[in-house]
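First the structure, in the form of structure tokens, and then the observations on it.
The values are calculated or read from the model by the stated rules, or taken from the named source; none is laboratory data. For clarity, every value in this text was computed on a predicted model and none was experimentally measured. A quick note on method: Cβ atoms are made from the backbone with ideal geometry, for glycine too, and the neighbour counts reach across all protein chains shown.
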Amino acid sequence: MGVFDAWRYFERVDQIPVDELVEQRVRCVLVDRDNTCVPRDTKVAPVEVTAWLEDVRSVGIRTCIVSNNFHSAQVEESARELGCDVVHHAMKPAPFALRRALELEGVSAAEAVMIGDQVFTDVVAGNLARVRTILVKPQSRRDLWYTQIMRLGEGLVLRGRTFEGDGRG
């Protein structure tokens, strides 16, 4: 598996089976905020994502948002609303914030999974931190200008990949 390859691919966060995370002995879910949990065009997490995170915590798995977003107040507000711990100013793809999140949650890399919508930030950071990665499709087409450019490169990396889910994403 290369640095750009995710462990799993899903259409949406809420389609990731919680029972499979338990079977894989995941003790902590690290999750990106923008366009993974919170669509960029609404800035409010969908009910399905909130419910999924509640389901994750109900089986004893810890949750932590790891976000590159520099608007700390917005990220912290989302973390409160979603019931997650938070590490912002992550500077992904550097793995340092993921390592900080693992330390905060008291888990090893082998006990965690990183979920995000971008190959060149979320997946690479997770792989560099030796955390299993799950790539989901972005919730919104609206993105920062530089992210839109990176999405072109992602298209090449993701060519031929199949995303699990219902196809609505």
>> Every residue in the range 28-70 that is aliphatic (A, V, I, L, M), within 13 Å of ARG12 (Cα to Cα) and at pLDDT below 95, please.
In response: VAL38, ALA45
>> Quick test for you: out of VAL29, VAL38, VAL22, pick the one residue that is under 18 Å from GLY60 (Cα atoms), crowded, with 19+ Cβ neighbours inside 10 Å and β-branched (Val, Ile, Thr).
In response: VAL29
>> Here is a list: VAL113, VAL124, VAL56. Which entry is closer than 12 Å to LEU30 by Cα and either among the small types (Gly, Ala, Ser) or outside any strand (DSSP E or B) (or both)?
In response: VAL56
> Out of all the residues in the range 87-105, which are part of a loop (DSSP other than H, G, I, E, B), surrounded by 15 or more Cβ atoms within 10 Å (Cβ to Cβ) and without any contact (Cβ under 8 Å) to a residue 24 or more places away in the chain?
Replying inline: HIS88
>> So, VAL49, is that one more than 21 Å from PHE120 (Cβ to Cβ) and either among the β-branched types (Val, Ile, Thr) or under 15 Å from the mean Cα position of the chain (by Cα) (or both) or not?
In response: yes
